[in-house]
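The structure appears below as C-alpha cells.
The values are calculated or read from the model by the stated rules, or taken from the named source; none is laboratory data. What you are looking at is a predicted structure, and each value in this text was computed from that prediction instead of being measured. Counting neighbours? That spans all protein chains shown, and the Cβs are built from the backbone with ideal geometry, glycine included. Heads up: the accessible areas ignore ligands, DNA and RNA and are worked out on the full protein's heavy atoms, side chains in. Shrake-Rupley method; radii C 1.70, N 1.55, O 1.52, S 1.80 Å.
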Amino acid sequence: MDVSRVGGLTPATRTLVRTTTLLCAAAALAVGAAVPASAQSSRAPMDPNPVVVVDCFSQAQVRPREYLLACGDGGNRLVGLRWDSWGRWTAAATGTDMVIDCTPSCAAGRLRPYPVKVTLGHPRPWPDHPGLRRYATIRLIYTDTAPPPGAKDVTYKLVY
C-alpha cells in the first residue's frame, strides 16, 4: 500500500488540483471586478439609501425576484416579481403568488399559482439599522381568482 496517496491522489496531483481551483476562483473574481458595477446588476438601486423590504431571514432586499410570505412553512411565496417602481414611499410589481391549496391537508397540498399585483408601502425606520427604512406593509391584488378563502385585495403588515 502506497501511504503517499490519500483519496487516490498523489501529493503532486492534490497540489495541482488546489492550484487550479485557486486560479479559477481568482479569474472569476477578476472578471467580476472588471465589469462596471452598473453592468453587474440591473437591479442595483440608484438611491444610495433605498427603502428595503426585509425577508424572513432579516435580510434587506431591493427589487427581489421572489419573496417568501409564509416564513413558517413556505406555503406562500411570491415569484417572478417584475418591479414597475421602487420608490421612497411605495414599490409596485406584478408576479405570481404560489400558495399551497391544503387539499387534502396543508402538508399534502400542492402549490397553486395566482397572478397578483404587489404594492409595498408605509416605510418605517428599521430598528437596529440606523438610517435605513423598510416597507411595513404589502398589498396583494389578485388579478384573476384569489386563493380560497381569501379576498381579491388584501394588505398585510410586514413584521420581520
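The set of residues in region 108-160 that are loosely packed, with under 14 Cβ neighbours inside 10 Å and of a type in the set (S, T, N, Q) comprises 143, 145, 155. Within region 63-79, being open to solvent by less than 40 Å² (accessible area, probe 1.4 Å) and on the phi > 0 side of the Ramachandran plot holds for one residue alone: 74. Applying the set (1) farther than 15 Å from residue 68 by Cα; (2) in contact with a Ser or Thr (Cβ under 6 Å, 6 or more places away or on another chain) to residue 126 leaves exactly one unmet item: (2). Residues that are in a loop (DSSP other than H, G, I, E, B) and either closer than 18 Å to residue 124 by Cβ or not charged (D, E, K, R) (or both) within region 86-103 comprise 87, 88, 89, 90, 102, 103, listed in sequence order.
The listed residues are 109, 80, 87, 75, and the only one of them that is closer than 17 Å to residue 136 by Cβ and without any contact (Cβ under 8 Å) to a residue 40 or more places away in the chain turns out to be 87.
Each row is one residue, and each column tells you yes or no for (1) under 20 Å from the mean Cα position of the chain (by Cα); (2) closer than 19 Å to residue 97 by Cβ.
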{"residue": "123", "(1), (2)": "yes, no"}
{"residue": "127", "(1), (2)": "no, no"}
{"residue": "131", "(1), (2)": "no, no"}
{"residue": "135", "(1), (2)": "yes, yes"}
{"residue": "138", "(1), (2)": "yes, yes"}
{"residue": "143", "(1), (2)": "no, yes"}
{"residue": "154", "(1), (2)": "no, yes"}
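Under 6 Å between Cβ atoms, which residue pairs at least 6 apart in sequence (or on different chains) link something in region 134-153 that is within 24 Å of residue 63 (Cα to Cα) with a partner that is in a loop (DSSP other than H, G, I, E, B) and open to solvent by 50 Å² or more (accessible area, probe 1.4 Å)? That search, which allows pairs on different chains as well, returns 136/122; 137/122; 142/152; 146/152.
Checking each residue in region 125-155 for being hydroxyl-bearing (Ser, Thr, Tyr) and modelled with pLDDT of 95 or more picks out 135, 137, 142, 143, 155.
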